[in-house]
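Below is one structure; the comments refer to it alone.
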Amino acid sequence: MQKKNSNTSARSRVLVLVDESNVGSSVRTVGRGLDWIKLRDFLAGPNTGRELIEMVIYAGLPPAMPIWQEERDKKNKFMQWLRSNGFMVVTKDGSPAEEGRYKANVDVMMAIDALELSVEMQPDVVILVTGDTDFAYLAIKLRRRGIRVEVASVSQNLGNILRSAANEVIDLAQLFRTFEMIQEPAPARAMPPRQNQQEGRPQPQRPPNQQQPQQQRRPRRAFPRRQSVTDR
């Protein structure tokens, strides 16, 4: 197979694969909401001089169970929004886990698709948007096919094994700081105390859960230049 050199190509053809859970948790740690359109433009938009083939998002869904139905419907609605905005979406049903949580590991699906799509679409560059070290061997396999591999993540969430397996690491920290702050929910309007039916006395009101001081909204910054940590 002839090796492609994406550095000399006028417009490198780029395939972007996103681990939704991993990148979502990274951006939430800095108190921001994920702007998917801005992320796509940052990685392979018109101003990057690259041609985006597809941006594929791999996401786990809450289990198909009555107790999860409301959250599942909400997640499916968001997945439909992504599709309507040009993203390719691949989902996997989750299974219940401890403490009322669920797990839906999409790593295997993402790895298999990366190899198959690289054969079918013939990209010059594959960008893996994740910090999970489980994708290190995938990066090596893609490079063996003559494909340039870039990993997009934030430094504190990027495993060293994956860092060393890629041609380049794209630091998303500066981009994340341009995203909108997560707005705290408005406090519920005070309601009169409920009466105890047995004793006829008012019950004490409980304080709202997870109440935190209102964060100041920072001024929006200009769109950052893409910075790489490593480039080999």
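The values are calculated or read from the model by the stated rules, or taken from the named source; none is laboratory data. Because the structure is predicted, anything quoted here is derived from the model rather than measured. We place every Cβ from the backbone using ideal geometry, glycine too, and count neighbours over all the protein chains shown. All accessible areas refer to the heavy atoms of the entire protein, side chains included, with ligands and DNA or RNA removed. Shrake-Rupley method; radii C 1.70, N 1.55, O 1.52, S 1.80 Å.
Spin-label point model (7 Å from Cα, Cβ direction): what's the R177 to R101 distance in nm?
Each label point lies 7 Å from its Cα, and together they span 2.9 nm.
Quick check on the range 44-85: take the gyration tensor over C-alpha atoms, sort the square-rooted eigenvalues as a ≥ b ≥ c, and tell me if it's rounded (a/c under 1.5), prolate or oblate.
Prolate is the answer for the range 44-85, as a/c is 1.5 or above and a/b outweighs b/c.
By per-residue mean of other Cβ atoms within 10 Å, what is the highest-first order of 51-57, 113-119, 69-75?
51-57, 113-119, 69-75
Under the 0.36 nm per residue contour assumption, what length would be gained going from the current alpha-carbon distance of A10 and N47 to full extension?
Answer, rounded to one decimal: 12.0 nm.
I need the P(r) histogram for the range 42-147: all alpha carbon pairs, bin width 5 Å from 0 out to the longest distance, whole percents.
P(r) over the range 42-147, rounded to whole percents: 2, 10, 18, 19, 19, 14, 9, 6, 3, 0.
Send over a whole-number figure in Å² for the accessible area per residue of the range 75-131, probe 1.4 Å.
That works out to 53 Å² per residue.
Kindly report the accessible area of the range 132-179 per residue (heavy atoms of protein chains, probe 1.4 Å, no ligands, DNA or RNA), in Å².
Per residue, the range 132-179 has 38 Å² of solvent-accessible surface.
How much of the accessible area of the range 41-109, probe 1.4 Å, is carbon plus sulfur, in whole percent?
After summing per-atom areas, the C and S share lands at 50 percent.
Going by amide H atoms built from the backbone, whose H comes under 5 Å of the H on V89, apart from near neighbours?
When sequence neighbours closer than 5 places are left aside, the close amide H contacts are I57.
What would the Debye formula give as log10 I(q)/I(0) at q = 0.18, 0.23 Å⁻¹ for the alpha-carbon point model of the range 146-186, no solvent?
Log10 of I(q)/I(0), two decimals: -0.60, -0.78.
Using a Förster distance of 22 Å, how high is the FRET efficiency between S25 and K92, based on the Cβ-Cβ distance and rounded to 0.05?
After rounding, the FRET efficiency stands at 0.85.
Can you run phi through the Karplus equation (6.51, -1.76, 1.60; θ = phi - 60°) for the range 30-36 and list ³J(HN,Hα) in whole Hz, with x for Gly and Pro?
Each residue of the range 30-36 in turn: 9, x, 10, x, 7, 9, 5 Hz.
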